[in-house]
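Data block below; observations after.
The values are calculated or read from the model by the stated rules, or taken from the named source; none is laboratory data. These figures come from a predicted structure and were not determined experimentally. Methodologically, a virtual Cβ is constructed for each residue, glycine included, from the backbone with ideal geometry; neighbour enumeration extends over all protein chains shown.
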């Protein structure tokens, strides 16, 4: 079974600084997708960024970028120029290709942004 | 385009009762998945429906069931409620649950169920 591990239950960053959230996963599959979701106190889960395993290039979305290391099964999220609105719980998620609709989530990392 | 909507947003039930939660996906989306979120177990997959058929199922007891209608709206039902069923229930929709693509899931705001 696939597992997703987020080893940092809590992280904090100073406003305007950069922070990296870690995620590792375990799978024997070669074709899969990885996602980072943000869940603010409102509880609405919002997609931050996604990565296809077959793509070597790391995904970026404005201030958010990932470091995808397929061989190491690592998928970290870097947030640059952190803003107060980035404070939330961040979840790393895995979905095997062909296993539509079923994602496996990590336990989450709570990010605090200090003004 | 409207997002995923879930009703009701909050629900309080007592042990032994049953409950039905509703999810309306984004227009055009045909795949609907349900997740249970608790502080102790995190986010766990319940089941996924596509074209009115359950296509994927997580490891939950038979008290948890669901269905999908022809307009892609989905309901999940929990019978004989237990205290441990207290959780945030999240619904997520995706375009067609394509087996060939990343097909991102978009989440609703959730239904907070409290079992007393």
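Filtering segment A:61-82 to residues that are surrounded by 13 or more Cβ atoms within 10 Å (Cβ to Cβ) and over 11 Å from the mean Cα position of the chain (by Cα) leaves A:63, A:70, A:73, A:80, A:82. In the condition set (1) away from chain B (no Cβ under 14 Å); (2) out of contact with any helix residue (DSSP H, G or I) (no Cβ under 9 Å at 6 or more places or on another chain), residue A:79 is compliant with all but (2). Per the listing B:28, B:16, the residue uniquely over 12 Å from the mean Cα position of the chain (by Cα), away from chain A (no Cβ under 11 Å) and within 17 Å of residue B:108 (Cα to Cα) is B:28. Is it the case, given these coordinates, that residue A:80 is over 16 Å from residue A:29 (Cβ atoms) and modelled with pLDDT under 95? No.
Suppose we filter segment A:94-115 for residues that are at the interface with chain B (Cβ under 8 Å from one of its Cβ atoms) and outside any loop (DSSP other than H, G, I, E, B); how many remain?
Final tally of qualifying residues: 3.
Mind checking which residues of segment A:1-34 are at pLDDT below 95, over 16 Å from residue A:72 (Cβ atoms) and part of a strand (DSSP E or B)? Listed by number, the list holds a single entry, A:33.
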